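Just below is one structure, and these are the notes that go with it.
The values are calculated or read from the model by the stated rules, or taken from the named source; none is laboratory data. Computed from a predicted structure; not experimentally measured. All Cβ positions, even for glycine, are placed from backbone atoms using ideal geometry, and neighbour counts span all protein chains on display. Note: areas computed on protein heavy atoms with side chains; ligands, DNA, RNA excluded. Shrake-Rupley method; radii C 1.70, N 1.55, O 1.52, S 1.80 Å.
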Amino acid sequence: QVQLVESGGGLVQAGGSLRLSCAASGRIFSINDMGWYRQAPGRQRELVAAMATGESTNYADSVKGRFTISRDNANNTVFLQMNSLKPEDTAVYYCYVGTYYTHYWGQGIQVTVSS
């Protein structure tokens, strides 16, 4: 059974930083990409950042220059370094692993940025 476990969320003041981690365990085949979505109250889930196996990256315009995604392929772990956080970054962040067959999701972790 595949499990994704997120860590590193919490409460931070505007301008601060957080680093999210997501460790995937279990038998996962043919990983295409790994990344992060987020969902704020009353809003749709949106892509924050993704990294393909070839290390190409994709970022939401709202986080470009502030967030950095990275991967540890040997350990099926994905990270999201979040700097210069803003109150509008407040959301539940979900990591995912995309394979040829399906997507796996973490349970979500709260990030709250106070003004």
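Length available on full extension from residue 3 to residue 86: 0.36 nm per residue minus the Cα-Cα distance, which gives 26.9 nm.
Within the accessible surface of the stretch 57-98, defined with a 1.4 Å probe on protein heavy atoms only, the carbon and sulfur portion equals 43 percent. Note on residue 82: accessible area approximately 0 square angstrom, rounded to 10, probe 1.4 Å, nucleic acids and ligands left out. Given DSSP loops and a limit of at most 16 other Cβ atoms within 10 Å, what is the longest stretch of the chain that contains no such trypsin sites (Lys or Arg not before Pro)? For trypsin sites (Lys or Arg not before Pro) (loop position, at most 16 other Cβ atoms within 10 Å), the longest site-free span of the chain is 67-115.
Using C-alpha pairs below 8 Å separated by at least 6 residues, the relative contact order for the chain is 37 percent. Across all directions, the shadow cast by the convex hull of the chain built on its C-alpha atoms averages 6.8 square nanometres.
Solvent exposure of the stretch 1-106, expressed per residue, is 54 Å² of accessible area, with all protein chains present and a 1.4 angstrom probe.
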